[in-house]
Amino acid sequence: MRARPWQVAVALALAAGGAAALVAVWSAGSRAGDGGARTVVVTMRHSRFEPSVVRVEPGERVRFVLRNTDPIDHEFILGDPAVQRRHEQGRERQHHGDVPGERSVAAGQEAATTYAFPLTLDGQALEFACHLPGHYAYGMHGTARVG
Ligand SMILES: [Cu+2]
């Protein structure tokens, strides 16, 4: 059966509303500790990030709490395409922990990193990804939308 145009419109509106509600929940993190940074929990499960889309404000400091529920190691690398390329090509394959927005998370462990999103990123997006071999290609990446 072919959907009539109004049925398609209703379905799209429902889908958009649902997505907006989810994003709203994700961005409603708590503000405690770490100099007022907002906490956003990102779970690493089955070699995927949950949520895969995070909304942040320009100029906002976000403390990413990274929960790895998998029996294998992962990493969280937040940055622009040049940063992602560098890590994917293996030139920075090491333990991450010192650079803001970059963190290795061992199997079954939790870690955190705080990142300040520059005002200049308003209206843009940064990617976060895991570059352990094969993980990015499998789909282990997400987006931080700024603004
Ligand atoms: Cu991974």
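Total residues in region 68-89 satisfying the condition of being surrounded by 17 or more Cβ atoms within 10 Å (Cβ to Cβ) and within 14 Å of the chain's Cα centre (by Cα): the figure is 8. Note on region 110-147: among residues that are part of a helix (DSSP H, G or I) and within 16 Å of the ligand (Cβ to nearest atom), the one that is nearest to V83 (Cα to Cα) is Y136.
Every condition in (1) in contact (Cβ under 8 Å) with a residue 60 or more places away in the chain; (2) farther than 15 Å from S104 by Cα; (3) not in a loop (DSSP other than H, G, I, E, B) is met by P58 except one, and the failing one is (3). Taking each residue of region 135-146 that is more than 21 Å from T39 (Cβ to Cβ) and looking for partners that are of a type in the set (S, T, N, Q) and near the ligand (Cβ under 10 Å from one of its atoms) with beta-carbon atoms closer than 9 Å, six or more apart or interchain, yields H135/S47; Y138/S47; G139/S47; M140/S47.
Is it the case, given these coordinates, that Q89 is free of Cβ contacts under 8 Å to residues at least 12 places away in the same chain and away from the ligand (no atom under 14 Å from the Cβ)? For Q89, the condition - free of Cβ contacts under 8 Å to residues at least 12 places away in the same chain and away from the ligand (no atom under 14 Å from the Cβ) - is met.
Looking at region 64-83, can you tell me whether even one residue there is in contact with a Phe, Trp or Tyr (Cβ under 7 Å, 6 or more places away or on another chain), of a type in the set (A, V, I, L, M, F, W, C), assigned to a loop (DSSP other than H, G, I, E, B) and at pLDDT 95 or above? So far as region 64-83 goes, no, none of its residues is in contact with a Phe, Trp or Tyr (Cβ under 7 Å, 6 or more places away or on another chain), of a type in the set (A, V, I, L, M, F, W, C), assigned to a loop (DSSP other than H, G, I, E, B) and at pLDDT 95 or above. Y115: hydroxyl-bearing (S, T, Y) and either touching a residue at least 60 places away in the same chain (Cβ under 8 Å) or farther than 21 Å from P58 by Cβ (or both), yes or no? When the stated conditions are applied, Y115 does not pass them.
The values are calculated or read from the model by the stated rules, or taken from the named source; none is laboratory data. None of these values were measured; they are calculated from a predicted model. Cβ sites come from the backbone with ideal geometry, for glycine too, and all protein chains shown count toward neighbours.
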